[in-house]
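Below is one structure; the comments refer to it alone.
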Amino acid sequence: MDHFQYRNGELCAEDVPVRRIAKDVGTPFYCYSTATLRRHYEVFAAAFAGVPATVCYAVKANSNLAVIATLAQLGAGADVVSEGEMRRAIAAGVPPKKIVFSGVGKTRAEITAALDAGIGQFNVESDSELALIAEVAGTMGKRAPVAVRVNPNVDAGSHDKISTGRKHDKFGIAWPKARETYRAAAKLPSVEVVGVAVHIGSQITSVGPFTAAFKFIAGVVGDLRADGHTIRRIDLGGGLGIPYLDETPPSPEEYARAAIREVGHLGCELVLEPGRLLVGNAGILVTEVLHLKDAEGVRIVIVDAGMNDLVRPAMYGARHAIIPVAEAARDATREPADIVGPVCETTDRFAKEWPLAPVRTGDLLAMRSAGAYGSAMSSTYNTRPLVPEVMVNGGDFAVVRPRQSFASMLAGEAMAPWLTPATGLRSKAIR
Ligand SMILES: *Cc1c(COP(=O)(O)O)cnc(C)c1O
């Protein structure tokens, strides 16, 4: 359920016609809906209302400050995977105690910054990382709260590139090997073991893999307690899928029922790390049709958004529904079209043989379900500026990230001292 609906033949974001935003900020741009973010957060949080649980929004799905702040004001904590994300979360108002730091490659500098900020939990992914956290915390005279991310050897059944819980994936520590990690952690005075963590992947559309992982983690908690460890928190990760086209992922209630059934009796606080579920369907990418062509019988629609703006189709073969901003007539013929971007790569294609009513140059299209892993994964490939992000709230909208200027793109680079800038190519000249 989202708040991007047609009204009188015009696609609206809540109460704002998308075309009005396009007039204001130009295309392409991302548009987010506050009401949709709120609804997704509230439905998810309500599913866990009966148990002690903290929802730590996985910031990597969409790290815009306004998105994080919207969720933080509803009570969300944050799951972060870098110092940059941690700084964003804190800047957006997430209390440091509600921040979980995940990821396999935390650096000394990141660990130092996180201890300085006083975050709630480090999810440890290797023995070497545990040693580094202990060393840094010891030097700082602090105690680092840690959970070990245990690899359950569960296949999430989603895309190979976004599965993380199989034994040869780079994530987590296998069981029972992690038992040794806990033994080592318990001996480290600068480390406080607070719990266990598991995360098996992303865009998971059936409850089975979750149930398997949760059952597994319940067994792990039992074994760790038998070893004498205090386990008061279970971090169940994220990964719940969303409908892009015809997927039918479990509902938050179904997901929560599985979690509570498998681990609810252990007397632990639960940490949930949804990313995509909260933001995916709360965002669209709006683009303009630039050119139409016929490639020997294939209808090609060239738009002004590219794979640098939304890389999911190119990277994961992901599919986004693409709809016209001006609603097509009910009886319009929807001929298959390849919808492509301007980037010089064959993979810069958003859809193949997508049924699309007739369009003309200058028409606006919206790619749905673009709120997660859209702008957060965007780049300036082909020296294309990062596109604006707009947040809608009822009848209001605000530009929460303006379009990057060419001047700022060039200003971020410098000539090597032995190079004389060619005349006319100084960034000043084209500012
Ligand atoms: C990416 C990630 C998440 C969020 O995954 P979604 O599929 O977006 O819900 C949660 N936890 C960890 C550790 C992650 O790496």
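For the reader, a short list of remarks on this structure follows.
- Estimated distance in nm for a label pair at Glu254 and Lys170, the labels positioned 7 Å out from Cα along Cα-to-Cβ: 3.3
- Rounded to the nearest 20 debye, the dipole size of the chain about its Cα centre is 760 debye, using +1 on the Cβ of Lys and Arg and -1 on the Cβ of Asp and Glu.
- On Cα atoms only, tilt of 252-263 relative to the major axis of the chain in degrees: 20
- Straight-line cross-link reach from Lys293 at under 20 Å between alpha-carbon atoms covers these aspartates and glutamates, not counting any fewer than eight positions away in the same chain: Asp304, Glu335, Asp338, Glu345, Asp348, Glu353, Asp363.
- Fewest-first sequence of Leu115, Leu410 by Cβ atoms within 10 Å of each Cβ: Leu410, Leu115
- The protection proxy used here, the mean number of other Cβ atoms lying within 10 Å of each residue, ranks peptides 77-83, 188-194 as follows, highest first: 77-83, 188-194.
- The distance between label points at His265 and Met140 comes to 3.9 nm (points 7 Å beyond Cα on the Cα→Cβ vector).
- GNM flexibility winner over the chain from Thr181, Thr112, Thr139 (Cα, springs under 10 Å): Thr139
- For the chain, the Rg and Dmax computed from alpha carbons only, in angstrom: 23.3, 73
- Pairs of Lys residues in the stretch 154-262 that lie 8 or more places apart, or on two chains, and have C-alpha atoms under 25 angstrom apart add up to 8.
- Most positive-pole-ward Cα, Ala258, Phe122, Ala329, against dipole of the chain from beta carbon charges: Phe122
- Angle in degrees between helix 177-186 and the longest Cα principal axis of the chain, rounded to the nearest 10: 70
- The distance linking the stretch 167-228 with the stretch 274-298 is 38 Å (Cα centroid to Cα centroid, whole angstrom).
- Virtual paramagnetic centre 7 Å along Cα→Cβ of Thr383, amide N under 18 Å, in the stretch 396-418: 404-416
- Treating each Cα of the stretch 112-255 as one equal point scatterer and applying the Debye formula with no solvent, the log10 of I(q)/I(0) at q = 0.12, 0.13, 0.20, 0.21 Å⁻¹ comes out as -0.51, -0.59, -1.13, -1.20.
- Label separation (Tyr6 vs Trp418): 6.2 nm, computed from points 7 Å beyond Cα along the C-beta direction.
- Distance from the stretch 343-389 to the stretch 1-52 (C-alpha centre basis), Å: 19
- Fewest-first ordering of Glu129, Glu296 by other beta carbons within 10 Å of each residue's beta carbon gives Glu296, Glu129.
- Backbone N under 12 Å from the Met409 label point (7 Å along Cα→Cβ), restricted to the stretch 358-390: 379-387
- Counted over the chain, the DSSP beta bridges are approximately 50% antiparallel.
- Net charge dipole, the stretch 33-278: roughly 340 debye, given to the nearest 20, about the Cα centre with Cβ charges of +1 for Lys and Arg and -1 for Asp and Glu.
- Of all aspartates and glutamates in the structure, the ones whose alpha carbon falls short of 18 Å from that of Lys97, not counting any fewer than 8 places away in one chain, are Asp79, Glu83, Glu85, Glu110, Asp116, Glu192, Asp235, Glu269, Glu273.
- As a rough footprinting exposure proxy, the listed residues Glu110, Glu10 were ranked by other beta carbons within 10 Å of their own, and the order from fewest upward is Glu10, Glu110.
FYI, it's all coordinate maths here, none of it is from the lab. Quick caveat: nothing in here was measured; it's all calculated off a predicted structure. Note that each Cβ is placed from the backbone with ideal geometry, even for glycine, and that neighbours are counted across all protein chains shown.
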